[in-house]
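Taking it in order: structure first as structure tokens, then the write-up.
The values are calculated or read from the model by the stated rules, or taken from the named source; none is laboratory data. Being a predicted model, the structure only gives us computed values, none of them experimental. As a convention, Cβ positions derive from the backbone with ideal geometry for all residues, glycine included, and neighbour counts pool all protein chains shown. For accessibility, only protein heavy atoms count, side chains too; no ligands or nucleic acids. Shrake-Rupley method; radii C 1.70, N 1.55, O 1.52, S 1.80 Å.
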Amino acid sequence: MILKKILITTCLSMGVLSSTAFAVSEYPSKSIHLTVPFAAGGVTDLTARTFAKQLSGSLKQPVIVENRPGAGATIGANHVAKSSPDGYTLLLGTNVTHAITPQMMQKAPYNPLEDFQPIAMFGLNGNVLLVKQDFPANTFEEFIDYIRNSKNELNYASGSIGSSAHLAAELLKIEVKDIQYTHIPFGGPSEAMSALIGGHVDFMFTNIGAAVSQTKSGKVKALAVTTSKRTTELPNVPTIAESGVPGFEVVGWLAAFAPKNTPSATTQKLNAIINASQENPELRKTMDTASVIPVIYTPEETATFVKNEYEKWGNVIRAANIPKM
């Protein structure tokens, strides 16, 4: 009787394992929903729709992009965190959803490091330091000297409190001693750019892709980029790191996440397809136009990158005494 029970239990266990393996090998068997926690338009939405097209072709199933904006991008992120870990609900996460906003909230609805399974990187998106057209400095070094002599009379714009542009300026204040300036948040990057062009603020950090046309038209001046290397879009603009602040780097980033406990075979499959998509000429043309730098990471490397970003920006938020929301 005992032997019979053991045999039955073993057969049932093998059946469960076989069905699980079959389910993973058959993934996906239905449409996948890729959540974008931002409104339609902009680099996050463009990235999601561009990669969704590639994923749909490779997986032979529709990959549907859903925009779920609100609450500093936490509504969409929390939706995915609380979803079934079956690989059919994914998130396009960013430095906002996983490194900044949760650390600026009194009580975040999810834990960015524990409630998700990182899958792969979609890419990096650098910023550029812009000054108004008549600003009395034409290099980063002159910019710093002018700030030091301005007695805290300068101000800078950002699209919102806690944005990458806001924290880039605060990080610069930490890395470069004896500089002070005042933050003026606006209702979005476009409004901040309009204020800079109009001369209502002195400088700002913003996405490189959004700044190229304004820079080339002479409406603003680009003094330095925040990436570790110079960019193809602004090849004559030096990096901050090479302009006297070694190691300075600020990048927006975009990555794919699944809810925690998603099967490893599923995330590995998605990782391989996303990484292979980076080589697609049509995709690369679109991403290059948006100034999104390709990154090929494993799920483990993606997780390490996200953890490092979380720690980096947590330190900046605390050092800058940015109040929690």
- Roughly how many Å is it from the Cα centre of the stretch 32-89 to that of the stretch 273-325, as a whole number? 16 Å
- Item | Theoretical FRET efficiency, 1/(1+(r/R0)^6), r = Cβ-Cβ of N261 and K177, R0 41 Å, to 0.05 | 0.35
- Assigning unit charges at the beta carbon (Lys, Arg +1; Asp, Glu -1) and nothing else, what dipole magnitude in debye, to the nearest 20, does the stretch 16-174 show about its Cα centre? 380 debye
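Under unit Cβ charges (Lys, Arg +1; Asp, Glu -1), what dipole magnitude, rounded to 20 debye, does the chain have relative to its Cα centre? Don't jump to the answer; show the numbers that get you there.
Numbers: 27 positive and 26 negative charges, 182 e Å.
Dipole about the Cα centre, nearest 20: 880 debye.
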- Task: Scan (i) 59, 52, 44; (ii) 89, 42, 32; (iii) 91, 52, 30 for the value of Cα extents along the principal axes in Å calculated from this model and give just the label.
- Result: (ii)
- Item | the chain: DSSP helices with Cα axial extent of at least 18 Å and average Kyte-Doolittle hydropathy no lower than 1.0 | 2-25
- Quick calc: nm separation of the 7 Å Cα→Cβ label points for Q61 and A320 -> 4.0 nm
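Report the charge-dipole magnitude of the stretch 149-192 in Debye, nearest 20, computed about the Cα centre from +1 at each Lys and Arg Cβ and -1 at each Asp and Glu Cβ.
The calculated dipole for the stretch 149-192 is roughly 80 debye.
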- Residue-averaged 222 nm ellipticity for the chain, from DSSP H runs of 4+ at -39500 (n - 2.57), nearest 500: -13000 deg cm²/dmol
- Note on the structure: Excluding ligands, DNA and RNA, the carbon-plus-sulfur percentage of the accessible area of the stretch 49-156 with a 1.4 Å probe reads 46 percent
- Message: Which one, V245, A120, G162, is farthest towards the positive end of the dipole of the chain when Lys and Arg carry +1 and Asp and Glu -1 on their Cβ?
- Response: A120
- For the stretch 182-322, with all protein chains present and a 1.4 Å probe, just round the carbon and sulfur fraction of the accessible area to a whole percent. 53 percent
- Item | Distance in nm between pseudo-label sites at E142 and S190 (7 Å out along the Cβ direction from Cα) | 3.3 nm
- Starting from the Cα-Cα distance between K312 and E279, subtract it from 0.36 nm times their residue separation and give me the gain in nm to one decimal. 8.9 nm
